[in-house]
Amino acid sequence: MPAIAEAGALRRREFLRGMAASAATAALAGCGRSPVGAVPYVERPEEVVPGRPLFYATAIPFAGFAQPVLAETHMGRPTKLEGNPDHPVGGGATDAFTQAAVAALYGPERSRRPLRGGVAAAWADFAALAPELAGPGLRVLTGAVGSPTLVRQLTALVEEAGARWHVHEPGLPPPQAGRPSLHPRLDAAGAVVCLDADPLGPGPAQVAHVRAWSAAPRRPLFVAEPTLSPTGAVARRRLAAPAGRVPVLARALAAELGLGQAPPLADDEAAWVAEAVAALAAQPGESLLLAGPTQPGAIRDLALAVNARLGNLGRTLLATEPVLAMPPGGDEFSLAALVEDMRGGRVRALLVLEANPAYTQPAGLDFAAAARRVPWRIHAGLCRDETAALCHWHLPLHHPLEDWSDARAVDGTAGIIQPVTRPLHESVSAHAVLAALLGEPGADPREVVRDTWRRRWDEDDFEARWRRALHDGFVADTGAAPLTLAPPPLPPPEPDEVGGLEAVFRPDPCVWDGRFAAVPWLQELPKPLTTLTWTNVVALGAGLAGRLGVATGDTVEVSAAGAAVAAPAWIMPGQAEASVTLFLGYGRRNGAGVGRGRGYDAYPLRPGPQGWRVAGVRLRRLDGAAAPLPVIQPHQTLAGLDDIVRTVAPGAAVPPPAAAASLYPEWEYPGPAWGMVIDLDRCTGCNACVVACQMENAVPTVGPSEVAKGRALHWLRVDLYYQERPEGLRTYFQPVPCMHCEKAPCEFGCPVNATVHGPEGLNQMVYNRCIGTRTCSSYCPYKVRRFNFRDYAGAMPAAYAPLRNPDVTVRAQGVMEKCTYCTQRIAAARIEARKDNRPIRDGEVRTACQQACPARAIVFGDLADPGSAVARARDDRRHYGLLAHLGTRPRTTYLARTEAR
Amino acid sequence: MNTAPPAALLASFPDADSLLAAARRARQEGYECIDGHSPFPVDGLAEALGFDERRVVLLAGAGFVGGFSLALLAQWWMNAVDYPLNVGGRPLAAWVAFAYPAFELACLAGAVVGIAAMLLLNHLPRPGHPLLDVEPFRRASQDRFFLSIATVDPRYRPRRTEAFLRDLGARQVLEVPP
Amino acid sequence: MSTGAEIFQPITVQVADIALARRVRRRWWLALALSGAATVAFVATVVWLLATGVGIWGINIPVNWGLAIVNSIWWAGLATAGTLISALLLLVPGQQWRSALNRFAEAMTVLAVAMAGVFPILHLGRPEAVHWMLPLPSTLGVWPQFRSPLTWDVASLLAYLLVSLAFWYVGMIPDLATLRDRAGGARRRRAYNRLALGWRGSALHWARWRQAYRAAALMAVLAATLHSGGAMLFAAGPSAAWHTTGLPPYLLASGVFSGLAVVLLLTLSLRAAFGLGAVITGRHLDIMGRLLLVAGLAFLYGAATLAFGAWYSGDPRQAQFLVERAVGAHAVTTWAAMALMFVPLQALWWRRARRAPAVLAAVALAVVPGVWLDRYVLVLGGLQRDYLPSRWGEYAPTAAEWALFGGTLGAFAFLFLLFVRFLPLVAMFEIREATA
């Protein structure tokens, strides 16, 4: 504000006038403008209407694959990502990682400016230096790359400048050069057998797989795996088999179908194989055998042969040209080859582009020591991580929401990544870094990307196609070209693994290979099968734990091949007794924000960059008291209560509850009666809904100590129950938002009318009236209410403040909060409907959890409209209300899980 | 020595029975402005002095009933009329629920009204009453029993009344200063 | 027939001189200093709590009520015994023995209700808005919600506090007059006279006073019975562990039980400290012992009825709560409570034990913490094991919670010591009436 403020005696009107002028100027200068050249998704993009969000179609790359999104921006700041409903992949759903990607944009761990030797430097200085570095001594190390533009630039570096390109993607097996991409079609498969494969688990293709799996009623699913996975959790028959035993099972299975020799099996294995084979054989051409990427290539070939034998190729298993680009040459371009070259002094300059080998390197590969022999080390990434700490130059990269790029989704469909906000920091585009090395230091990343596409499209309709691609978020008909696979030759049998204890490695379901360690929402996201947060554990079976005298929380030492890690133990249901599971992604040392120093680092035990299993493991209990683990749900059994997760035989109905009698008159709900139905058959426990809810409703994280105290704040939780049945371990996921009971016990418990019923049947929380007696929570049989025991919102780093949804109130300390059915979305739809003088259409209001759910397990809508999807779901034979016998009349209800007995 | 006529004569008795007997005799004699003073409530003394009222009890009862009704009405007005809200699908006029606080407030009202009525009818508090200045009267709260006859009593005659009191067995007859 | 001076003067002198004595014994100062220090610690903890919020406690979801609520209903329960002794027995003819005990039992009641009322305010997320529970007009235009059992609790705790305070004070007026008349200095005389409202023992005053006093007694009994130590807050909610009509009598019985133990402890201490053996005789102790035994057995019956009802209901969750109490996480606490409450109690079947102050003190000292533990299990067990096993949780009280509990014990003792020092701790006029 100008000097008027110092003028001493200031009249009120003058002051207000001055304030208004200053505010207007600030608004003009600050926000509200689209990034240059970006094209919004809506029809009239030129206007930013304050209070109304603007959506842009773009994508978030994850492990090289595009996750298509619509980015919601309020006055120029992104607050939420939704799936792109028009995109061929995902159909508008997202996974948990993508939901949290918008938080990573604001993360305080991001680098603010280029650094040279740890001191602030200018991008221009690097750009001037870059052309010198290009040449045969230049090596570029990247993660998996699918971006056509990046591929074009890297190829140019290799071909024109003589540089070499290495790829290191720790969480996923690399596509092998020359081999096609395989795409299981779970929607077309009438029976699926997974050999240590986890198609429904976290990963770039999770959304596509879960969506396909949930497209039809539950089908026979057989899983053999060393450690429980989301796929194993929903399996009809699951066999806990060590990873080293899975090849034997695969050969036995193939032999039953007439391929190769049958190895000897144990009784339970034989029974499982027999059932699995029966299911596969019953539907030739409509069944699917999947061997996990963590299994040896020979076993994957064997699975392919079995699928070919069953006639599944081209029907339930499609092959396409590779989606991800790989530098030609196989192992020569691996991380190990790079380290070897560095050690040999053959590398003059190293550019590490969005990879963190100093942290994710496997055992026995001393990247740091080798790198010190490289004269020029440049790191380009979002954070100053372990690798950046080794490098001379650190170049902060744009977040995908700030950047121009392109990427391919898991089916190969390409899409343009467009910025939805201006860069928050002094960062650069990866394309600009490569362009500088290619001798174009001033290149505009937008033009670099356009250049790629200009080469593909005709010049005359380029602008129209470009605009269309930006608007849609993808380029139509760019899916990877299908290939016809010849049945592979039967691989020769390999010698069986000797017995003993093995360790298997898994990317953490919430922080993956460690790249998401800095995102507090992902750290606090309960791991689907343990509900653990903020740390990782060593999972072991109950039998092994019993033999070693280990209890959950005890510290154990896992050692193999000379390396050892100490970590808390976790007795995991469904764990193969000869396997322990180590989760990657923790023990970060640098640039991981809140993730720094949490958990243990499992990489030093990993046998190779793609090693998923190490045999000959020793496990021993270390002395010391068990530390309390930040677990969201300590009790994971049903305690013999059968009215919580209802199960029905296929085609059977849940018995209807006795009508609750009441002496009192009913309340009339003249308007829409909002309700939700959650299908337990569809839910795979992927947690996308949980993060979506937090992002939509500005739910802060509370930190591990508060989680351990039982104060986690998630409005929506996915309850996890294990049940040992004669037919094996059963795992149940039950998402529990607020039930919005019509006869809500919480409401009549509140002494100050701070939680009341709205006219549309919503159980409303009046934050500014709440005084925090917590009676509502004591009275809530579902315990869906969350309390601000401390000032959690205020304790979040200030950097996250712009992330908050402006349509949602920030809750203060001492106040209760809970799921609102995304009341702000209902209000927005109501306003739109009133403007058009029409009722709200079915499907017009979608809650954040519903929108994110890849399984479409959540249906929301107006119960009063008999034609609405939610009303029809209520008529399902599997419909039941949780604890309905209490007379609470929940608006959120469930469809029982189908179980073949 | 005080020249003005005393406000009352005060006769002291050693025990409750003699006070009670004296009070009855005084009433029989026709004295009206008489009062007894005892260190504990003496059964029948007030009745012997012509006390026959249940106003305190009735007012306490009225307080109870009034408190109950008022509380019930107030709750109904607040929750069902002035700011009606759908609370857990319960009726707006939840009489059964309202009855609980109403009953508690009725108890409070009954007790407070009863006590207030007692104080008002007794003209209490009155910390400056002349009787309190009579030195021997201090025993009235400990172990002595007193009968007082006010000089405004139509039957009061300075010497005859004093003689009458002594005749009743008073240990001591004192004059209460005006 | 002996004169009033011979009969009444000894008790008057003995009781009044406790309050009027110029020199105070060192033991009293020592006790006051100790409890004063605890009170200061209490105030400091409250300041800390108000500055930082209830996050410093161990409470969570599902156990969002912790030690504060346990303490609140424990204090409220103690209070009911004072009301029973003073008010209920006043209304029952022929119970003059109460006169020796009722005054300090009432003081105990008033202070205990006050302590019970402290916790619900402190436990709020936003204690600065506690007045929103009262029907005060505000800019929000919203009123309290009178269907809430918590609103009931506010109304009943407030009513109970005020009624017992009024009852205690009105009963004390004649004795304050005695203090006035025995007080040496003019200033003390004036002060006691003001407190006694100029009471002069008029026959008409006595008659009206008696009516008002009895009416107040009836009100106090009704208020206490309905309040039932805050039982409605639990029984009216849907929690399987609490949702039973048996809970209010259960809490009332255990409250009377523990309260009688506290009255017994106070009786024995005051009797020993001030040599009140002539006022509080062996017969008083005997009757108190019997009452404690009866209350204990009534509570035991109530507990057994609740347990039977839980089993007989056929509701798996009620049965599960029972099992959880007996063999679950709180098994040790449960059985410790049972042992403390009911094992030493059995000594009171013997008359000699009932007349032995040491035995009585030992029994009472076991009962008071026993009932506290029982309430701990009741409140926490109900929250820790609610309907959904996914929401079963644990709870460990923090130092701040224990400090607040200790602080209320200290504040109670501090205020009670002041009462003992400055106010008539035995109803002298009632003893006179009884001996006349």
Worksheet item: Size of the protein assembly as shown along its principal axes in angstrom, Cα-based, largest extent first?
Response: 141, 85, 64
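Tally Lys and Arg at +1 and Asp and Glu at -1 over the other residues with C-beta under 12 Å from the C-beta of A:Val158: what net charge comes out? Don't skip to the end; give the middle numbers.
Values: positive: A:Arg139, A:Arg152, A:Arg164; negative: A:Glu159, A:Glu160.
Around A:Val158, the surrounding residues sum to +1.
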Worksheet item: By accessible area of protein heavy atoms, probe 1.4 Å, what ranking do A:Lys818, A:Lys709 get, highest first?
Response: A:Lys709, A:Lys818
Discussion item. If every alpha-carbon in the range A:41-137 counts as one equal scatterer, what log10 I(q)/I(0) does Debye give at q = 0.22, 0.24, 0.25 1/Å?
Written reply: -1.05, -1.16, -1.21
Response to the item:
Buried accessible area between B and C, both sides, 1.4 Å probe, in Å² rounded to 100, is 5700 Å²
Item to complete: Could you please tell me the mean projected area of the C-alpha convex hull for the range A:358-472, averaged over all directions and given in square nanometres to one decimal?
Response: 9.6 nm²
Worksheet entry | Gyration tensor (Cα) of the range B:89-178, equivalent ellipsoid semi-axes in angstrom | 51, 14, 12
Item to complete: Quantify, in whole percent, the carbon and sulfur part of the accessible surface of the protein assembly as shown (1.4 Å probe; protein heavy atoms only).
Response: 60 percent
Fill in: Alpha-carbon centroid distance for the pair the range A:297-327 / the range C:90-155, whole angstrom
74 Å
Item to complete: Could you list the trypsin sites (Lys or Arg not before Pro) in the range A:443-490 that lie in coil according to DSSP, counting only those with at most 14 other Cβ atoms within 10 Å of their Cβ?
Response: A:Arg455, A:Arg456
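Using only DSSP helix segments of four residues or longer, with each worth -39500 (n - 2.57), what per-residue ellipticity at 222 nm results for the protein assembly as shown after dividing by its residue count and rounding to 500?
-12500 deg cm²/dmol
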Worksheet item: How much accessible area per residue does the protein assembly as shown have, in Å², with a 1.4 Å probe?
Response: 37 Å²
Fill in: Kirkwood Rh in Å, taken over all unlike Cα pairs in the range B:1-84
17.1 Å
Fill in: Translational diffusion coefficient (Stokes-Einstein; Kirkwood radius from C-alpha pairs) of the range A:675-813 at 25 °C, 0.890 mPa s, in µm²/s
146 µm²/s
Worksheet item: When the convex hull of the C-alpha atoms of the range C:220-344 is computed, what volume per residue in Å³ does it have?
Response: 125 Å³
Item to complete: Provide the descending list of Cα extents for chain A along its principal axes, expressed in whole angstroms.
Response: 78, 78, 63
Worksheet item: Per residue in the range B:24-39, which ones lose no less than 10 Å² of accessible surface when going from chain alone to all protein chains (1.4 Å probe)?
Response: B:Asp35, B:Gly36, B:His37, B:Ser38, B:Pro39
Discussion item. With every atom except the alpha carbons ignored, what do you get for Rg and Dmax of the range A:765-872, in angstroms?
Written reply: 16.8, 46
Worksheet item: Once the whole set of protein chains is in place, how much accessible area is left on B:Glu53, using a 1.4 Å probe, in Å² to the nearest 10?
Response: 30 Å²
Response to the item:
With +1 on the Cβ of every Lys and Arg and -1 on the Cβ of every Asp and Glu, the dipole magnitude of the protein assembly as shown about its Cα centre, in debye rounded to the nearest 20, is 5460 debye
Discussion item. Return the equivalent ellipsoid semi-axes of the range A:555-598 as a descending list in whole Å, where each equals the square root of 5 times an eigenvalue of the C-alpha gyration tensor.
Written reply: 23, 14, 9
Worksheet, complete the sentence: Note: B:124-134 gets an average of partner chain Cβ contacts (10 Å, Cβ to Cβ) equal to 5
Worksheet item: Summed for both chains, how many Å² of accessible area, to the nearest 100, are buried between A and C with a 1.4 Å probe?
Response: 4200 Å²
Worksheet item: Which of A:Lys80/A:Lys783; A:Lys709/A:Lys743; A:Lys527/A:Lys783; A:Lys80/A:Lys818; A:Lys709/A:Lys783; A:Lys527/A:Lys743 have a Cα-Cα distance over 22 Å?
Response: A:Lys80/A:Lys783; A:Lys709/A:Lys743; A:Lys527/A:Lys743
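For peptide A:780-788, how many partner chain Cβ atoms fall within 10 Å of a residue's Cβ, on average?
Working: counts 9, 9, 5, 11, 3, 3, 2, 7, 5.
Rounded to a whole number, the mean comes out at 6.
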Discussion item. Quick check for me: using +1 on Lys/Arg Cβ and -1 on Asp/Glu Cβ, what's the dipole size of chain A about its Cα centre, in debye to the nearest 20?
Written reply: 2000 debye
Practice prompt. Please give the net charge around A:Arg841, taking every other residue with its beta carbon less than 14 angstrom from that of A:Arg841, where Lys and Arg add +1 and Asp and Glu add -1.
Written response: 0
Worksheet item: Of A:Leu154, A:Gln734, B:Cys107, which is farthest along the charge dipole of the protein assembly as shown in the positive direction, counting Lys and Arg as +1 and Asp and Glu as -1 at C-beta?
Response: B:Cys107
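Could you please put A:Arg856, A:Arg785 in sequence from largest to smallest accessible area, using a 1.4 Å probe?
Sorted descending by solvent-accessible area, the residues read A:Arg856, A:Arg785.
The values are calculated or read from the model by the stated rules, or taken from the named source; none is laboratory data. Here the structure is a predicted model, which is why all the values come from computation and not from measurement. Cβ sites come from the backbone with ideal geometry, for glycine too, and all protein chains shown count toward neighbours. For accessibility, only protein heavy atoms count, side chains too; no ligands or nucleic acids. Shrake-Rupley method; radii C 1.70, N 1.55, O 1.52, S 1.80 Å.
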